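The values are calculated or read from the model by the stated rules, or taken from the named source; none is laboratory data. What you see is a predicted model, and the numbers here were worked out from it, not measured in a lab. We place every Cβ from the backbone using ideal geometry, glycine too, and count neighbours over all the protein chains shown. Heavy atoms of the whole protein, side chains included, go into the accessibility calculation; ligands, DNA and RNA do not. Shrake-Rupley method; radii C 1.70, N 1.55, O 1.52, S 1.80 Å.
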Amino acid sequence: MTEQRVELLSLLPEELEAWMLSVGEPKYRARQIFPQLHRGIAPDEMTNIGKKLQEKLREHFLWHLPVVERKLISALDGTVKYLVSLSDGNCVESVVMKYSHGNTVCISSQVGCRMGCKFCASTIGGKVRDLTPAELLGQVIAAQKDMGERISNIVMMGIGEPLDNYDNVMKFLKLVNHEEGVNIGYRHISLSTCGLVNRIEQLAEENLPITLSISLHAPDDETRSAIMPVNNRWGVDELLDACRAYFAKTGRRISFEYTLIAGKNDSVANAQKLARVLNAKLRSRTDTMPIHVNLIPVNEVDETGFTRSGKDAVAAFAKTLEGKGIRATVRRKLGADINASCGQLRRAAMQE
Ligand code: SAH
């Protein structure tokens, strides 16, 4: 039989209040347990509620935090990579990166992914299922609990396509932002997408001051479609139009990710084209958007056969963009010794 109980971590305080009233408990109980739940304390461990309420909670709700199955710590920079299991035994990855401005957790949004990007390890076995709001939040809580340190930033750049799990991600954002819970400000949350244009349009309407990252990876349809099947549905033009509209609506600048793959998308001609298309699409109007491109030499994944661009090619690419007024940074690689980019640990565990 499938689990019918609602996940306790999926409810906002007002939803918990309504439930408390419905089972004859005083409303204030909700406000009592919510902060504890969001620190990872199980109802059965709570000392300020009675046995009867604990029993009711057990009967009506599912309580499960992602369980750390494996933990790798980078000797180089302290990056911590987790393989965590969910209540049904599926596993995803989360990574904690230590920056001078605080700890950032990178979380997964789905078990697997169905976007099919050719360079990516997470999509190789397809999508198994979406993560629930409680599982999205649970990764943050579990990481914070395990680290014993506050996590102040979230990036949704792990396994999965967050905008392909739209409703659950929206609920998660409300939960994790709640001041009585984990309390991470929207400005400290980044969401990365391979470019689901209909969802970017929907997101613009939500009015959340999160940071949107676009995995662009190519300046034109031919190059992009060859490595990202999603481009067959929405091409580069349409995607950048959606970006401009997003910025016009929200005032939030968008950052672009560009994975450099040797011989595929890393030539100076590619960089020139990229600068041209970004400037033309995002800068010709009155609402000029500051443009920032993150360059990421591709992480080599056995199954894909792609190789990372050499140092010189990366430097030439960055210089070409800068020369055309586009800020480009080469992403500092964290956790190089633990394969910290997502998807690889889960695959290794599945193969064993
Ligand atoms: N689905 C979302 C978020 C997950 S991937 C998205 O596509 O943005 C997070 C980032 O890692 C994306 O920019 C993705 O393109 C990139 N990525 C995936 N596999 C990679 C690899 N092997 N090397 C470098 N970057 C990779």
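Here the accessible area of the stretch 6-62 is 54 percent carbon and sulfur, with a 1.4 angstrom probe and all protein chains present.
Over the chain, dividing the summed -39,500 (n - 2.57) contributions of all DSSP H runs of at least 4 residues by the number of residues returns a 222 nm mean residue ellipticity of -11000 deg cm²/dmol. Within the stretch 68-126, none of the chymotrypsin sites (Phe, Trp or Tyr not before Pro) combine a DSSP coil assignment with at most 14 other C-beta atoms in a 10 angstrom radius. For the stretch 216-352, the fraction of 1.4 Å probe accessible surface lying on carbon and sulfur atoms is 48 percent.
The DSSP beta bridges internal to the stretch 96-210 are antiparallel in roughly 50% of cases. Rolling a 1.4 Å probe over the protein chains gives R224 an accessible area of about 0 Å². Within the assembled protein chains, the solvent-accessible surface assigned to I227 is about 10 Å², based on a 1.4 Å probe. Computed with a 1.4 Å probe over protein heavy atoms only, the accessible surface of the stretch 67-351 comes to 40 Å² per residue. In whole Å, how far is the Cα centre of the stretch 95-133 from that of the stretch 138-203? Answer, in whole Å: 11. Relative contact order for the chain: 16 percent, from Cα pairs under 8 Å spaced at least 6 residues apart, divided by residue count.
With a Cα cut-off of under 25 Å and a minimum spacing of 8 residues unless on different chains, the lysine pairs in the stretch 1-138 number 10. Bridging of K324 to lysines at a Cα separation below 18 Å is possible for K273, K281, once same-chain residues fewer than 8 apart are set aside. Counted over the chain, the DSSP beta bridges are approximately 45% antiparallel. The simple spin-label model puts a point 7 Å past each Cα toward its Cβ; for D88 and M147 those points are separated by 2.9 nm.
Would you please classify the overall shape of the stretch 31-138 from the alpha carbon gyration tensor, given that a ≥ b ≥ c denote the square roots of the eigenvalues, rounded means a/c under 1.5, and beyond that prolate means a/b larger than b/c while oblate covers the rest?
In terms of gyration-tensor shape, oblate.
Using a/c under 1.5 as the rounded threshold, could you call the stretch 4-57 rounded, prolate or oblate? The axes a ≥ b ≥ c are square roots of the C-alpha gyration tensor eigenvalues, and prolate needs a/b larger than b/c, oblate otherwise. Here the stretch 4-57 falls in the rounded category. Relative protection proxy for 27-33, 48-54, 146-152, 165-171, from highest mean packing down: 165-171, 27-33, 146-152, 48-54 (other beta-carbon atoms within 10 angstrom).
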